[in-house]
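This report refers to the structure that appears directly beneath it.
The values are calculated or read from the model by the stated rules, or taken from the named source; none is laboratory data. The structure displayed is predicted, hence computed values, not measured ones. Here Cβ is always computed from backbone atoms with ideal geometry, including for glycine, and neighbour counts include all displayed protein chains. Remember, those area values only see protein heavy atoms, side chains included, never the ligands or the DNA or RNA. Shrake-Rupley method; radii C 1.70, N 1.55, O 1.52, S 1.80 Å.
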Amino acid sequence: MLRRLIDWVGFAVTQPRTASHNGAGTSTEAGCEDVAGVLNNCIRLGKAALGAGQLEQAMLHYRTAAELAPGDPDHLTALAYVMTELRRYEEAWPLLEEAVRLRPDDPDIHFQRGDFQLAVGELANARQCYLAALALRPDSAELLSNLGHVQGREGDAEAAIASFDRALQIDPGHFAAHSNLLWALSFQGNDSGERYLREAFRYGQKVGALARPFTDWSQSPTTGKTPRPLRVGMVSGDFRQHPVGVFLEGVLAQMHPEHLELLAYSMNPQDDALTERIRPRFSKWMPIGKLSDESAASAIHGDAVDILIDLTGHSAYNRLPVFAWRPAPVQVSWLGYLASTGVDAIDYVLADPISVPEELRKQFTEKIWYLPETVFCFTPPPEHPLLEVTPPPALRNRYVTFGSFQRINKLSEVTLRAWARIFEAIPQAKLLLRNEAMNSAMAREGLLVRLRHAGIDSNRVILGGYVADRNEYLAAYRDVDIVLDTFPHPGATTTCEALWMGVPTITLAGTTMLERIGASMMACAGVADWIASSEAEYVALATNRAVDADSLAQMRCGLRRQVAATPLFDAARFATHLEDALVAIWQCQTALRIR
């Protein structure tokens, strides 16, 4: 939507509306010209502020423009966009409603309404808005990509893949749609393994064809009179309160500047408290979201980065095309994506022996570099009264409460069928589900229908929506005895959060890196006996663990202390492993280049 807004602003600046004449002579004409001049100036300043990320200033300029030209949908949508970015949702929506009333046949307004509904988590409404826009502009790859994104978050992977496929038929060079397709295919698990790798390779060929890779990196840590630390750049849109940011924060605090110099290349202009906490860990912080691929790659190359790490993969705010330019001599994918990127210029994916056993190396275009214990290290939240571990609710309820706080698109049909077998075996059990989609009445009813169809009655289900306060969100684990992991897409952040709150997760180890990340975490946490190797074993584990509330209570009492001592939570230990791996990768690649 930002690109469409800037396109309109550019047009408005160069094509001002003609002043009207009422026959009163030059003074009225001059007055109109003055208004037009002020209006154009507001638009110009709003555009400049928006480009600089100064949203409050942009809002003031666009508000003035809307007041100077009341009833103009362009000004209303510009102001609504900025207010949405500022999360002033109650003010933004009426502007969009008025804009669509004034110009109902404008697909861009319906598109923006869809973006708004997506921003507030109303997935069903977002889908309807995108469909309305598509009815007016059926050949829009961008619209189809956004629609597929919503369909995927709603849990309809097949519809999402169909939308992405159609978008790529219209525009084969739409990299966001191709990334979205790969993301959706990764949710399909091993069933789409061959197609996934084929599509990843195709993506890599497309971005590679548009790049002119650098071939000279003259400045290295061993060049010059005084050796310098290894210079490691990180590219991400998630240096914020996001799973990537949460896993990264503790590790950054434990890394040694005398060994590694860290540089951040941020794709997301929206900062938060976590951003401000981690920013000082980097010697350089550079926003690259508005730079072309070539300009971003040139900037990174100019910084003499030795190892460039992608923290995003094919998820939102990714900048994989920049890696195709090979701005650094060594390039690595870690943390934010659990499959192959397909980009030939990315040399390694960091993994651990459980998440990617030897036989799964063939699923990657990259080489696998193994960290010794785990590929993840979770940053525990600060102490808070809400985060004290409490006895399992089964002791007071006299029944077990299973829980899942996963996004709705992880609640696959195969997962729901396995849960139904568990609930059939334990007639008194309850199921607590919490995710952002549950803020939508339509999404809640849709999920309850799916659960009933699988065999779980609605009166056994408790639904909870998005909670903004993280401590309150984590405190909800007090009402859960056992977490039931999803598959083929398991939890990662949620698994660690549950462990920290004393709640174990039953997970199923699959046949891709993504499918095995839950098993990797649980094994590293010292609770490998909660890992199933088949659906039957998954169901048996759940039914057997649920009947012994005393054992659950005993485990819950000591689980936080136990996991805190493992590299899954011990940031100093993990940081040493990561530093050693990056140095070894550098030495290995240097040796290969010398040969």
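Numbers below:
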item: Cα centre as origin, Lys/Arg/Asp/Glu Cβ charges: region 461-595 dipole, Debye; result: 520 debye
item: DSSP-defined beta bridges in the chain - what % are antiparallel, rounded to 5; result: 0 percent
item: Relative contact order [Cα under 8 Å, 6+ residues apart], the chain, whole percent; result: 11 percent
item: Loop-exposed GluC sites (Glu not before Pro) per DSSP, neighbour cap 12 Cβ within 10 angstrom, longest uninterrupted part of the chain; result: 1-257
item: Carbon + sulfur, % of accessible area of region 435-590 - ligands and nucleic acids excluded, 1.4 Å; result: 53 percent
item: Nonlocal amide H pairs with R240, under 5 Å, H built at 1.01 Å; result: G245
item: Among A58, L95, P221 the positive-end extreme of the charge dipole of the chain (Cβ point charges); result: P221
item: Förster radius 45 Å - calculated FRET efficiency between R417 and R87 (Cβ-Cβ, nearest 0.05); result: 0.75
item: Charge sum, other residues only, whose C-beta stays under 12 Å from S551's C-beta, Lys/Arg counted +1 and Asp/Glu -1; result: -2
item: Accessible area expressed per residue, region 62-109, with surrounding protein chains retained (probe 1.4 Å, Å²); result: 47 Å²
item: Electrostatic dipole magnitude of region 427-479 [Cβ: Lys, Arg +1; Asp, Glu -1; Cα centre; debye, to 20]; result: 180 debye
item: Extreme residue, positive dipole direction of the chain, given options G173, A418, G455 (C-beta unit charges); result: A418
item: Candidate lysines for bridging to K410, where Cα separation is under 26 Å - those fewer than 8 sequence places away on the same chain excluded; result: K362, K430
item: Gyration tensor (alpha-carbon) shape descriptor, region 491-547, a/c threshold 1.5; result: oblate
item: Cross-link partners of K284 among aspartates and glutamates (Cα-Cα below 13 Å; sequence separation of 8 or more within a chain); result: E261, D303
item: Percent accessible area from carbon and sulfur atoms, region 143-258, protein chains only, probe 1.4 Å; result: 52 percent
item: Nearest 10 degrees, 0 to 90: helix 55-68 Cα axis against the chain principal axis; result: 40 degrees
item: Set of lysines with alpha-carbon distance to K47 below 16 Å, sequence-local pairs under 8 removed; result: K290
item: In degrees, nearest ten, helix 293-302 long axis to first principal axis of the chain (Cα); result: 70 degrees
item: Rounded tilt (10° steps) of 141-153 against the dominant C-alpha axis of the chain; result: 30 degrees
item: Dipole-positive endmost among F201, A133, A48 within the chain (Cβ charges, Cα centre); result: F201
item: Size of electric dipole in the chain: Cβ of Lys, Arg +1 and of Asp, Glu -1, about Cα centre, debye, nearest 20; result: 660 debye
item: Span from the region 345-424 Cα centroid across to the region 96-148 one, whole angstrom; result: 34 Å
item: Cα shape, the chain, gyration tensor, a/c 1.5 rule; result: oblate
